[in-house]
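> Attaching a single structure in structure tokens format; questions to follow.
The values are calculated or read from the model by the stated rules, or taken from the named source; none is laboratory data. Keep in mind that what you see is a predicted model, and the values were worked out from it rather than measured. Heads up, the Cβs are rebuilt from the backbone with ideal geometry, glycines too, and the neighbour counts pull from every protein chain shown. Side chains are part of the model used for accessible areas, which takes the heavy atoms of the whole protein and leaves out ligands, DNA and RNA. Shrake-Rupley method; radii C 1.70, N 1.55, O 1.52, S 1.80 Å.
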Amino acid sequence: MNNAKPANITVSALDALHLPFSGTSLIEASAGTGKTYTISGLYLRLLLGHGGQPALLCEQILVVTFTNAATEELRDRIRKRIQVAYKRFLGVTTQDHFIEQLYADIPESEHAIGLKRLDLALKSLDEGAIFTIHGFCQRILADMAFESSLLFESEFTLDDSEYLHHAVRDFWREACYPLPLLLAQQISNSVGEPEKLAQKVRALLGASQA
């Protein structure tokens, strides 16, 4: 009998300006609801040290998304939000309600240092850790090549279909061609050709119960 108490989960409307950075937060959002806008807002808060934590540099903030196109879009949107925030800290009023609130939340005595942090972020954003999932994994494996026992020049492959195609055909030539005629006929009747064998093998790749 499991007597473990259920996790303390609180569900509330998203408030990106006051979302806590400690613990774990799951944001549920459908397409077009402002996920990128929210991420860029949280990025600004981290740069400025808003929310009761030390200010971070671009290379200290990790942002992970799914596709290369999404990565470039996210980096561009973050850059534009930083530019808008930079103008606000110069004294120019903006149409961005989030940035206006963020600016008001930061004590006036910290506005000068905030401006310097945003200026530094604009100059170093290209070095920021904004990756696809596979790109981040590749970066970590490259940085920790000794610990992971991998080559320094390892290549991350997303589509292994070409390798599977060649492996199956190599196996077909080496294992099936020398077989006695009767057994070769049985394999031909059962499998047919290398491409059909590749389809059967594909279904087994990564299956823990294979």
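> What are the pairs with Cβ atoms under 6 angstrom where one residue, in the stretch 121-132, is touching a residue at least 24 places away in the same chain (Cβ under 8 Å) and the other, located anywhere, is β-branched (Val, Ile, Thr) and open to solvent by 20 Å² or more (accessible area, probe 1.4 Å)? Sequence gap at least six, or different chains.
Note: pairs meeting the criteria are Phe131/Val64.
> Something else: Kindly provide the set of residues from the stretch 126-150 that are under 15 Å from Leu74 (Cβ atoms), hydrophobic (A, V, I, L, M, F, W, C) and in contact with a helix residue (DSSP H, G or I) (Cβ under 7 Å, 6 or more places away or on another chain), ordered by number.
Residues satisfying the conditions are Ala129, Ile130, Phe131.
> Against the condition more than 22 Å from His18 (Cα to Cα) and within 16 Å of the chain's Cα centre (by Cα), how does Thr38 come out, does it pass?
no
> While we're here: Does at least one position in the stretch 61-79 carry a residue that is aromatic (Phe, Trp, Tyr) and under 20 Å from Ile133 (Cα atoms)?
Yes, some residue in the stretch 61-79 is aromatic (Phe, Trp, Tyr) and under 20 Å from Ile133 (Cα atoms).
> A follow-up question, please. If I filter the stretch 110-150 down to residues being in contact with a Phe, Trp or Tyr (Cβ under 8 Å, 6 or more places away or on another chain) and charged (D, E, K, R), which single residue comes out as farthest from Val64 (Cα to Cα)?
Asp119
> What pairs come out if I take residues in the stretch 6-29 that are farther than 20 Å from Leu48 by Cα and pair them with residues that are of a type outside the set (A, V, I, L, M) whose C-beta lies under 6 Å away, six or more apart or interchain?
So the pair list comes out as Ala29/Lys35.
> Within the stretch 133-142, can you find the residues that are surrounded by 14 or more Cβ atoms within 10 Å (Cβ to Cβ), of a type in the set (A, V, I, L, M, F, W, C) and more than 21 Å from Leu46 (Cα to Cα)?
The answer is Leu141, Ala142.
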